[in-house]
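The structure appears below as structure tokens.
Read-outs throughout are calculated quantities, based only on the coordinates presented, and are distinct from any laboratory measurement. Model, not experiment: these values are computed from the prediction. Here the Cβ is made from the backbone with ideal geometry for all residues, glycine too, and neighbour counts use every protein chain on show.
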Amino acid sequence: MNTMSESRVEHPSAPARRILVWDAPVRVFHWLLALSFVGAYLTAESERWRGLHVTLGYTVAGLVAFRLLWGLIGTRHARFRAFVRGPAAVRRYFMAMLHGSPPHSTGHNPLGALAIVGLLALAALVCATGWATYDGIRGLSSDELHELLANAMLALVVVHVAGVLLGSWLERENLVKAMFTGRKIGPLSKAISSSRAWVAALLLLSVGAFWAWQWQAAPAGAPSASASTGSGEHRDRDDD
């Protein structure tokens, strides 16, 4: 069990090994969110792909909701309390990175944790303003705010990717590969006991079911936007 692995004391000279750190739900969430955001960003200005854009936006919203829940009940390194740190820890890590010698982190490092929290917050705001824009709530210029937040999220994604590449070089570990395999270098005492593959399978099944539901009413292979009240207006015009 997890308790036994966490209580194991290793000899200081024990060789470094690759241990399971990122569970399957975290990895599936990570890549689904990346693909969904990129897809939504690329289809934002196209009226032809509006249905696809909206469907991707709802997908992002669902993924964020899942990650917030998994951050409370997930495996050891997936929980927010395991990696979210205060300003002092972030500053120390940043200064160590500037000197080329950041401490190795089994889970997220403090800067990576800050980026993740920022991305989740921005993704939630982008989805909220996108919903408001699509449903015609224009009182707060939600369309302009939606675009501004999306661009801010893209900028943070670029910074995050640059940080991952820099961290990989400084820590001598391929952090991108780790998000595919789930394995990083670390003491056995910090390994998680299970990848929770069944949760990842349920997440994929839920996303797939949502897309199938959106797709079944869409013409010419484009996902429908029937989940929004705005689609009712298009149907009314088609009936005239």
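Brief remarks follow.
- The ranking of D23, D143 by Cβ neighbour count inside 10 Å, starting from the fewest, reads D143, D23.
- With θ taken as phi - 60° and the Karplus curve 6.51 cos²θ - 1.76 cosθ + 1.60 applied, the whole-hertz 3J(HN,Hα) list for the range 175-187 is 6, 5, 4, 4, 6, 8, 8, x, 10, 9, 7, x, x Hz, x standing for glycine and proline.
- Backbone phi angles across the range 164-170, fed through the Karplus curve with coefficients 6.51, -1.76 and 1.60 (θ = phi - 60°), yield HN-Hα couplings of 5, 5, 5, x, 4, 6, 6 Hz in residue order; Gly and Pro are listed as x.
- Formal net charge of residues neighbouring L111 (Cβ-Cβ distance under 14 Å; K, R +1; D, E -1): +2
- R17 long-range amide H proximity, modeled H, under 5 Å: G186
- Computed from backbone phi, the HN-Hα couplings of the range 152-160 come to 5, 5, 4, 4, 5, 4, 4, 4, 4 Hz, rounded to whole numbers (Karplus: 6.51 cos²θ - 1.76 cosθ + 1.60, θ = phi - 60°; Gly and Pro given as x).
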